[in-house]
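So the structure is just underneath, and the comments pick up after that.
Computed from the coordinates by the stated procedures, all read-outs in this text should not be read as laboratory data. Treat the numbers as computed from the prediction; the structure is a model and nothing was measured. Quick reminder, even Gly has a Cβ in these numbers, built from the backbone with ideal geometry, and neighbours come from all protein chains shown.
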Amino acid sequence: MRKILVPVDFSEYSDYALEVAAQFAKTYKADILVLHMMGLSEAYLTKSPSEEAAEAHYYMKLAKQRFTKLLDKPYLQGIRFTELVQNYKIFSEINELAKEEGVDLIVMGSHGKSGIGEFFVGSNTEKVVRTSEVPVLVIKKQRSAYHPSLIVFACDFELESLKAYQNAMALFKKWQAEVHLVYVNLPNDDFKSTEEILEKRDLFLKVAYHNQHPSKQQLVTVSDYTIEGGVFSYAEQQNADLIAITTHGRNGIAHFFKGSISEAMANHADRPIITFRI
């Protein structure tokens, strides 16, 4: 891990994300890119050049002042970081920035509620997840000395998820984490017998590992009425440090499995969640 991107809005949730990113940066000697997206209105963009310049100068100055306060934290001592302010209006631009900068991980804070006008919280978290080709780690509360040692990975064992799964396992191996691979069996048209689940799982792992089952990984099947319910319940039982899911970028996290589920996985889970693009 060489570079971590942290989008900030200068709220307490930005602080939570930045502290976790700092812990990873220290462990892996990575750099941190701290991004503030001004997201100015269209009215601003249609002003005269002189008015634009004056307002841009004002907002840039304000952002630098807030950066000074945000970045004046003991946990950032000894870490290389870069500040960046952009007037992004489209969340996919963050993905482009991440690719240009060679970012390995995006860490962002979220309170998990929608309906307020700040960036990178609530539904805007899902927008970053939807457009990002880079793994996104969502932090909901302060987590000092955070290191995920037990991870619950929701997996459907579909071959289209294989690349995302392999990317996740490569990252989790660096973290030296124990992974519980969880399949949720639903009481509807997607219901499968134990034999069918084992056949599907074995084929998936056969392709992924050439019949070599990885160490530090448990295979678990749970039954529930919803995928998110099954994943949350199991993560709670195991006191997991992190929940991992895969996502189709075109549909956001609403289609990381065959069925359509709510945005609860990123918006309402209390535990940290990391997403990997299919």
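Here are a few things to note about the model shown:
- For 160, 93, the sequence from fewest to most other C-beta atoms within 10 Å is 160, 93.
- Note, ³J(HN,Hα) from phi for region 99-110, Karplus 6.51, -1.76, 1.60, rounded to Hz, x at Gly and Pro: 5, 4, 8, x, 6, 9, 8, 10, 10, 9, x, 8
- Cα-based Rg and Dmax for region 153-213, where Dmax is the largest Cα-Cα distance (Å): 12.4, 38
- Each residue of region 155-172 was assigned a 3J(HN,Hα) from its phi angle through the Karplus expression (A = 6.51, B = -1.76, C = 1.60, θ = phi - 60°), giving 9, 9, 6, 7, 5, 5, 8, 4, 5, 4, 4, 5, 4, 5, 5, 5, 5, 5 Hz with x at Gly and Pro.
- Applying 0.36 nm per residue to the separation of residue 170 and residue 233 and subtracting their alpha-carbon distance, the gain on full extension is 20.1 nm.
- Protection proxy ranking, peptides 25-31, 233-239, 190-196, average beta carbon neighbours within 10 Å, highest first: 25-31, 233-239, 190-196
- Distance violations [Cα-Cα > 21 Å] among 3/99; 99/163; 173/206; 61/99; 3/73; 3/174: 61/99
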